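The next block holds one structure in the form of structure tokens; read it before the comments.
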Amino acid sequence: MITKWGLAVSVICGVCLGAETKEITIHFDPTRLRMEARGTMTLFRYNDPACKYIEHEAGAPILPAVFFNVLVPKGAVYVRSRVRAETQGYRGVYHMYTRTRPRVWSAKRYPASLVEFVGYRELEGFRVLTFRAYPVCCQPGDGSVARVLRVTMLLEYTVKGERQPYAPVSPVIAARVKRCVINPDDLEAYSMGSRERRRLGGEVAGGGADYEAFATQIRERRSGASAERDVGVFNLLKENVYISEENDLVCAPIRF
């Protein structure tokens, strides 16, 4: 599946020891990477509208990261994620761009994980988990840099108590949600089945006046006019990031 952010994504679901799992593979396009000279240092850029530039700490290299959202069942709680990746090293030594020059170049690898959990969002009544993935990794101490060709994340989450489906929404709202997540096909799987819809509000599958009346009722119960907001991927991100004076560098420490 190719997302609107230019990432090739595959999603596999399963259950493991009481926790539900979802395997997500992201393929980065190496032709979107380019190097930009900043004095004697090098800034790596990734041409993608969902890309922001991350500084994990003072003196750390600035790295591109692509943000993405995963739709999860109602009430899902993030447990952990495990990552494996395929990388390809660049030849040569690179002094990675930093906003404040460190006294000694760090021997740490940046980023510590190629996929980082950012936090939870509520999108039109649906629960999503936000992550960021890196198309570049580096080790400032020896000047090595590698591009990431593919990264696979095994996401684990739990749902406390009895699993409850999402209430049905109008096609317009469903389309908005699907545009903001990398697993749009899961929206129907996590929503009410036809039996529950018939019990709660008549046969609403397939649209029509009954569907719209029931969807309107659900929206009014849930959050009134706020349910009609068109929440895009950048609206989901703006609460968590700090835009620098250059208007593209983001100071966003890892949150777990």
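With respect to Leu155, determine if the residue is touching a Cys at 6+ places or on another chain (Cβ under 8 Å) and among the hydrophobic types (A, V, I, L, M, F, W, C). Answer is no for this residue. Here Arg80 fulfils each of the conditions (1) open to solvent by less than 10 Å² (accessible area, probe 1.4 Å); (2) closer than 21 Å to Val151 by Cα apart from (1). Could you please let me know if Ala85 is open to solvent by less than 20 Å² (accessible area, probe 1.4 Å) and closer than 14 Å to Arg147 by Cα? Answer is no for this residue.
In summary, Pro61 fulfils each of the numbered conditions (1) buried (at least 19 other Cβ atoms within 10 Å of the Cβ); (2) in a loop (DSSP other than H, G, I, E, B); (3) under 17 Å from the mean Cα position of the chain (by Cα) with the single exception of condition (3). Of Val177, Val145, Val172, Val136, which residue is open to solvent by 10 Å² or more (accessible area, probe 1.4 Å) and of a type outside the set (Gly, Ala, Ser)? Exactly one of Val177, Val145, Val172, Val136 is open to solvent by 10 Å² or more (accessible area, probe 1.4 Å) and of a type outside the set (Gly, Ala, Ser), namely Val172. Within the option set Ala133, Ala189, Ala112, Ala107, being hydrophobic (A, V, I, L, M, F, W, C) and more than 20 Å from His56 (Cα to Cα) holds for one residue only, Ala189. Scanning region 67-88 for residues that are outside any strand (DSSP E or B) and either touching a His at 6+ places or on another chain (Cβ under 9 Å) or among the basic types (Lys, Arg) (or both) yields one hit, Lys74. What number of residues within region 17-35 satisfy the criterion of being open to solvent by 40 Å² or more (accessible area, probe 1.4 Å) and within 22 Å of Val93 (Cα to Cα)? Number satisfying all stated conditions: 5.
For region 170-216, a tally of residues being in contact with a Leu (Cβ under 9 Å, 6 or more places away or on another chain) and at pLDDT 90 or above returns 12. Screening Leu155 with (1) within 27 Å of Leu33 (Cβ to Cβ); (2) buried (at least 21 other Cβ atoms within 10 Å of the Cβ); (3) in contact with a Gly (Cβ under 8 Å, 6 or more places away or on another chain); (4) not basic (Lys, Arg) gives one miss only, at (3). Counting only residues that are of a type outside the set (Ser, Thr, Tyr) and closer than 21 Å to Asp29 by Cα, how many does region 67-91 have? Of the residues in region 67-91, 11 are of a type outside the set (Ser, Thr, Tyr) and closer than 21 Å to Asp29 by Cα.
Within region 74-109, the set of residues being among the aliphatic types (A, V, I, L, M), closer than 30 Å to Ser191 by Cβ and out of contact with any Leu (no Cβ under 6 Å at 6 or more places or on another chain) comprises Ala76, Val77, Val79.
The values are calculated or read from the model by the stated rules, or taken from the named source; none is laboratory data. All figures in this text were calculated on a predicted structure; none of them were measured in a lab. Don't worry about glycine lacking a Cβ; one is built from the backbone with ideal geometry, like all the others, and counts go over all protein chains shown. Each accessible area value is taken on the protein alone, full model and side chains, heavy atoms only, with ligands, DNA and RNA left out. Shrake-Rupley method; radii C 1.70, N 1.55, O 1.52, S 1.80 Å.
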